[in-house]
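Laboratory data are not the source of any read-out in this text; all were calculated from the coordinates shown. Predicted model, so just to flag it, every value in this text is computed and none were measured. Virtual Cβ from ideal backbone geometry, glycine too; neighbours counted across all protein chains shown.
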Amino acid sequence: MTTTELPSRANAVIANTYARYPISFVKGEGATLWDTEGKAYTDFVSGIAVCNLGHCHPAVTRAVSGQAADLVHVSNLFYTEPQVRLAEWLVSRSFGDKVFFCNSGAEANEAAIKLARKHAKEVRGTKRYRIVTMEKSFHGRTMATLSATGQEKIRKGFSPVLEGFDHVPYGDLAALRKAVTEETCAVMLEPIQGEGGVRVPDAEYLRGVRRLCDETGLLLIFDEVQTGIARTGRLFAYEHSGVVPDILSLAKALGNGLPIGAILAKDSVMQAFGPGSHATTFGGTPLVTAASLAVLETIEAEGLVLRAEEMGRYFMERLGTLRRHPVVREVRGAGLLIGMELSVDGGPIVNACLEKGFIINCAQGNVLRFVPPLVITKQEIDLLIPLLDTLLEDAV
Ligand SMILES: *Cc1c(COP(=O)(O)O)cnc(C)c1O
């Protein structure tokens, strides 16, 4: 198939749910992708914060091909070793006692929402069911998670949405306190908002949320689907503030591209789930869990948590030098989750970067988002900066 015919053939048979660029990639290695014409691109998106180890990391390729030759799937009617070992790894590095595996970020948050409601009813014996979430949040596209998501455009056309979600401004503790009623069972938020435009709350806010949850008997759910797995310079972003949630959701980078999601919780919370209460056919198959275990072991073996922090600091410093352009409002983020808010539409800059062989992304229309693989080098960052400098100079 030629590059020119691929878009029209795709558009003829694939649902039109994404505005795609007319580019098709055939190979990836580290932070580099090659298209059908052999043109190389430096990837500052990582398949939207997914390929944290870079593309086709040999440890993951080995784990996938080895496991695929042994056993791919048997269902959760049986025990499989890779699933147990992955859960043990996650439990040993987090606040959680128990893990539930699923297949995506939306599914992980769906599980978190169901768990919070069931915990309120069956463990605490209350009638509470409402969950307070944040404006500009993003929690997924299933009916429950789009109802949780604090963005009107995500819910548009799907009403009536699921009842029981209240949205308050992110970072506003007083608004949160006001929204909590006797029917509230949980607060759900991203410790750094990703799709909302890389918004970093101060640690004091997160501590205040934790205190409020403790005082009023609410569970605190952190959606770390985007921030988890070393992205922000910590294995989990909650480590920055030291605020420990009751339920944590993961997905994106957990499998470096293999579809896997998970929630972690304390035993006292996860006990609300029993046989038959929640399940998914593909959750934690030997194939994806073997891949994910290889991802996590590689992150540790290659010191990528520290690397994300150091490279993030370097990248943020370099981006900071571009603040002299009047269109740049702010540069913010943590580790290698970085946003540059502009006073203009970011779309043309994303397109111009693509043209020059750099893949970047834009959130909320005007926040350039940089989420490169954690193996990105200073040299690769140094090549992007002068290009952005020129493009920001010309931006109006
Ligand atoms: C991407 C994302 C989701 C949704 O994950 P999917 O795998 O696309 O369902 C949920 N929450 C956050 C914070 C995300 O960034």
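Residue by residue, the range 221-234 carries 3J(HN,Hα) couplings of 10, 9, 8, 10, 4, 9, 8, x, 6, 6, 3, 9, x, 9 Hz when phi is fed to the Karplus relation 6.51 cos²θ - 1.76 cosθ + 1.60 (θ = phi - 60°); x denotes Gly or Pro.
Extension gain, Y21 to S92, is 21.5 nm, computed as 0.36 nm per intervening residue step minus the present C-alpha separation.
Amide H to amide H under 5 Å from L219: which residues, 5+ apart in sequence or cross-chain, H placed 1.01 Å off N in plane? Long-range HN contacts for L219: A186, V187. Taken one residue at a time, the phi angles of the range 135-146 give Karplus couplings (6.51, -1.76, 1.60, θ = phi - 60°) of 5, 6, 6, 9, 10, x, 10, 6, 4, 5, 6, 6 Hz. Gly and Pro are set to x. Across the range 121-126, rounded Karplus estimates of 3J(HN,Hα) from the backbone phi angles (6.51 cos²θ - 1.76 cosθ + 1.60, θ = phi - 60°) give 7, 9, 8, 8, x, 10 Hz, Gly and Pro being marked x. For the Cα trace of the chain, dividing Rg by the Kirkwood Rh returns an Rg/Rh value of 0.96.
Close amide-amide hydrogen proximity is noted between K27 and W34, each under 5 Å apart and 5 or more residues distant or on a separate chain (H modeled in the peptide plane; Pro and chain starts excluded). Which of the residue pairs K27/K153; K27/K98; K121/K252; K252/K378; K27/K378; K153/K178 have a Cα-Cα distance greater than 28 Å in the structure shown? Distance filter (> 28 Å) returns K27/K153; K27/K98; K121/K252. By DSSP, what percent of the beta bridges with both residues in the chain are antiparallel, rounded to the nearest 5? Counting only bridges with both partners in the chain, antiparallel ones make up about 65 percent. Less than 5 angstrom separates the built amide H of D166 from those of I131, V132, T133, all sequence-distant by 5 or more or on a different chain. The distance separating the Cα centre of the range 363-388 from that of the range 50-121 comes to 29 Å.
Sorting the segments 15-24, 39-48 by their residues' average number of neighbouring beta-carbon atoms within 10 angstrom, most packed first, yields 39-48, 15-24.
Of the peptides 101-114, 347-360, the ranking by mean beta-carbon count within 10 Å, highest at the top, reads 101-114, 347-360. Once the Cβ-Cβ distance of K266 and D394 is raised to the sixth power relative to R0 = 56 Å, the FRET efficiency obtained is 0.60. Classification of the range 108-157 by its C-alpha gyration tensor yields a prolate form. The axis ratio a/c (a ≥ b ≥ c) is 1.5 or more, and a/b outweighs b/c. Remark: the Cα gyration tensor places the range 210-299 in the oblate category, a/c being 1.5 or greater and a/b not exceeding b/c. Identify the residues of the range 240-272 with backbone N under 20 Å of a label point that sits 7 angstrom from the Cα of H73 along the Cα-to-Cβ direction, or state none. Residues 251-252, 254-263 qualify, since their backbone N sits under 20 Å from the label point.
A simple spin-label model places pseudo-atoms 7 Å from Cα toward Cβ; at Q379 and C56 they are separated by 2.0 nm.
Counting only residues at least eight positions apart within a chain, or on another chain, the lysines with an alpha carbon under 19 Å from that of K127 are K114, K118. Counting only DSSP beta bridges whose two residues both lie in the range 199-274, roughly 50 percent are antiparallel.
Between rounded, prolate and oblate, where does the range 123-244 land on the alpha carbon gyration tensor, with a ≥ b ≥ c its root eigenvalues, rounded for a/c under 1.5, else prolate if a/b exceeds b/c? Oblate is the answer for the range 123-244, as a/c is 1.5 or above yet b/c matches or exceeds a/b.
Ranking request for peptides 150-158, 253-261: highest mean number of other beta-carbon atoms within 10 Å first, then the rest in descending order.
Listed from highest to lowest mean packing, they are 253-261, 150-158.
Under the criterion of Cα pairs below 8 Å and six or more residues apart, the relative contact order for the range 305-396 equals 30 percent.
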